[in-house]
C-alpha cells in the first residue's frame, strides 16, 4: 500500500514554504499576558502562521470543536474560540459567555486515500475510512453526511478530531480519511491522492470565532480584528479556506 508521506504533520510541523512570505507584522499598542486561543484542529497550519504575525504572544490549544466547547463551558480559561462550526460559538453567545462572532473561514472537506482513485467509486471496494467523531467535530459530521448521501458502506473508523483522522491514513492504519483541504495543502499532497468533496453532499463548514468573556477581552478583540484583515485573509485563503 502506498502510504502517504505526511511526516511533517505527524511531527506537528507544517512546511514553512506553504504559507511563508505573505505575513507582515501586525502592530498595535499594549501588551499583557498571553492570549489563550482554542482552535479547531483543522486550523492549526494557518493559525501557526497568524500567531507569528500578530503583535502579542498567543498560546494555542487545538482539538475538536465539541471538546473545546465543553472545556469552555466547564470553566477552562480561553480568550478566543475558533470553532469549525457556527452552532457552538452561537451557543456561547446565547449563554453570555462570548461575543463578537465572525466567520473567519469556510472549510472544504476532502477524501484522502492511500491507494485507488479517490472519488465516489472509491467507496465501492472494501475500504476502511477514518473520519473525525461526527458528534464533536464538524468535519466529521460533514464526512458522515457525505457517506450517508452517497450510500457508502465503507467501514468507518472514528477519530477524536480531523487531525487524528489524517494521522490514521498517514500511518497506513486505514485506506483513506476524510480531512480538511487545508491539511492536504499544507502537506503538498498530489491531487491524484485526494478528492475535493462537492459541497452539496454535506452541510457547509462555516467556521466561526468569538471573543470569550474574561479579563483579556481587549487583546482578544484586537486578534479578531486582525483575523478579519486582508493580510490575515490572504494567509487563510492560501491555507485552503475561503
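The numbers here are math on the coordinates, done by the rules we state, and not lab data. All of these numbers come straight from a predicted model, not from anything done at the bench. Using ideal geometry, Cβ is built from the backbone for each residue, glycine included, and neighbour counts are taken over all protein chains shown.
At a glance:
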{"item": "Sequence-separation-based contact order of segment 109-201, relative, with Cα cut under 8 Å and 6+ spacing, percent", "result": "43 percent"}
{"item": "Whole-number percent relative contact order across the chain, with pairs defined as alpha carbons under 8 Å at least 6 apart", "result": "29 percent"}
{"item": "DSSP-defined antiparallel bridges as percent of all bridges, the chain, nearest 5", "result": "55 percent"}
{"item": "Scattering profile of segment 63-211 at q = 0.14, 0.17 Å⁻¹ [log10 I(q)/I(0), Debye over alpha-carbon scatterers]", "result": "-0.65, -0.90"}
{"item": "In degrees, nearest ten, helix 217-227 long axis to first principal axis of the chain (Cα)", "result": "50 degrees"}
{"item": "Cut-off 20 Å (backbone N to label point 7 Å along Cα→Cβ of residue 213), residues of segment 49-90", "result": "68-83, 87-90"}
{"item": "Two-site FRET efficiency, residue 150 against residue 242, from Cβ-Cβ distance with R₀ of 35 Å, rounded to 0.05", "result": "0.90"}
{"item": "Cα gyration tensor shape for segment 157-204, rounded if a/c is under 1.5, else prolate or oblate", "result": "oblate"}
